[in-house]
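In what follows, a structure is listed as structure tokens, so that the remarks can point back to it.
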Amino acid sequence: MALQATSGFGINSVFWLRSLHDSELGPTRRVLQDIEPFFANLGLPFDLRDVKTPAHFYRALDSLVASHVKPILQLDMHGTRDGLRLTGSDEIAPWTEVVPRLRAINVACRGNLCVVAGVCHAFYAIREASIMDASPVNVLIAPDREVQTGKLEDGLAGFYRALFSQGEIYAAFEKHLGEPFKLFLAERFFVIAVCKYIRNVCKGKGASIRRERLLSEVLLAGHARTPESIKSIRKQIKAGTTPDQAMLDRFASRFLLGRPCPFPIDQLIKAVEEIKR
């Protein structure tokens with residue numbers, strides 16, 4: 001069974017954070033000369049800020065939390081697998097500091113944050129995502145390796161024009177960006193993560209190991225060890241660890257910030273069982 005998750009979102013501004021040396025500004029200037037008039041014609045607020053240090057960068061991100069906007073956040077700087085490099089101090093703003101701030105913005109704008117990162121290795125930010133917490137973004141477009149400046153200059157203006165003219169992020173991404181960029185969608189990530197959870201700890205050997213561990217914890221806590229008691233505990237543990245719609249809704253409400261999972265639990269379970277066969 002193919003599960004196709006889409007990600008609807010609303011955007012009402014573009015927030016461009018730049019940290020480049022003066023000698024590197026040419027490509028960005030040319031992109032902005034192309035798309036700033038386009039944004040103006042749409043009546044779309046556009047805010048360009050140069051940030052030189054991690055502290056300056058963090059303040060710029062934090063300002064979005066209280067602004068009540070639904071932004072596309074464009075990151076225009078250098079990066080590594082560990083974080084973003086700021087030109088003023090040549091310091092790294094690590095993903096462990098950046099991603100919680102993105103999450104705060106995403107929570108504030110009710111799950112509508114879209115980040116476009118023209119930054120080498122920026123897709124590694126997603127290592128900080130977990131369905132146990134709110135998603136740090138609704139959409140992330142970023143490369144998982146080095147990206148050439150020419151690729152950004154050629155693709156960014158076309159991407160923004162296509163996105164705001166046609167409203168379809170898949171088509172805009174595939175036509176104007178593509179490799180080495182990757183497209184992260186919170187809904188798709190959530191569906192895949194839940195399916196892995198069902199497969200690994202709710203089915204087969206993984207489920208048996210988990211239930212026995214839970215049984216041991218209950219017994220170690222001092223619960224009676226009679227055959228009848230153990231049978232009752234096993235029954236309760238099995239019921240409590242069987243994936244159901246309530247479990248799915250709890251996870252979805254947290255990670256997707258109130259949006260439901262695009263598929264019901266029985267459809268996810270069926271997909272996992274078909275994959276296992």
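Read-outs: derived from the displayed coordinates by stated rules, not from any lab. Values in this document were obtained by computation on a predicted structure and should not be read as measured data. A quick note on method: Cβ atoms are made from the backbone with ideal geometry, for glycine too, and the neighbour counts reach across all protein chains shown.
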task: Per residue of the range 31-48, in order, report the coupling 6.51 cos²θ - 1.76 cosθ + 1.60 (Karplus, θ = phi - 60°) as ³J(HN,Hα) in whole Hz, putting x for Gly and Pro.
output: 4, 5, 4, 7, 9, 4, x, 5, 4, 4, 5, 7, x, 8, x, 10, 10, 9
- request: Can you pull the one-decimal nm distance between simple spin-label points at residue 20 and residue 244, each 7 Å off the Cα toward Cβ?
  value: 5.5 nm
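Quick check: residue separation of residue 42 and residue 270 times 0.36 nm, minus the Cα distance between them. What number comes out in nm?
On the way: separation 228, 0.36 × 228 = 82.08 nm, distance 4.45 nm.
Result for the pair: 77.6 nm of gain on full extension.
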query: Efficiency by 1/(1 + (r/R0)^6): what FRET value for residue 179 and residue 127, r their Cβ-Cβ distance, R0 = 22 Å, to the nearest 0.05?
result: 0.65
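Treating only the Cβ atoms of Lys and Arg (+1) and Asp and Glu (-1) as charged, compute the dipole magnitude of the range 121-167 about its Cα centre; round to the nearest 20 debye. Walk me through the numbers before you get to the answer.
Working: 4 positive and 6 negative charges, 23 e Å.
Result for the range 121-167 is approximately 100 debye, rounded to the nearest 20.
Computed FRET efficiency, Cβ-Cβ of residue 65 and residue 146, R0 30 Å: what is it to the nearest 0.05? Each step should come with its number before you reach the end.
On the way: r = 31 Å, r/R0 = 1.04.
E between residue 65 and residue 146, to the nearest 0.05, is 0.45.
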statement: In nm, the gap between the two label points placed 7 Å beyond Cα toward Cβ at residue 161 and residue 90 is 3.9 nm
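Given a cut-off of 19 Å, what percent of all Cα-Cα pairs of the range 13-189 lie beyond it? Mind dumping the intermediate values first?
Working: 8404 of 15576 pairs.
Beyond 19 Å sits 54 percent of the P(r) for the range 13-189.
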task: Starting from the Cα of residue 232, step 7 Å along the direction of its Cβ; do the same at residue 81; then give the gap between the two resulting points in nm.
output: 5.3 nm
message: Could you work out the pair-distance distribution P(r) of the range 25-90 from its alpha-carbon pairs, with 5 angstrom bin width and percents rounded to whole numbers?
response: 3, 13, 22, 23, 20, 14, 4, 1
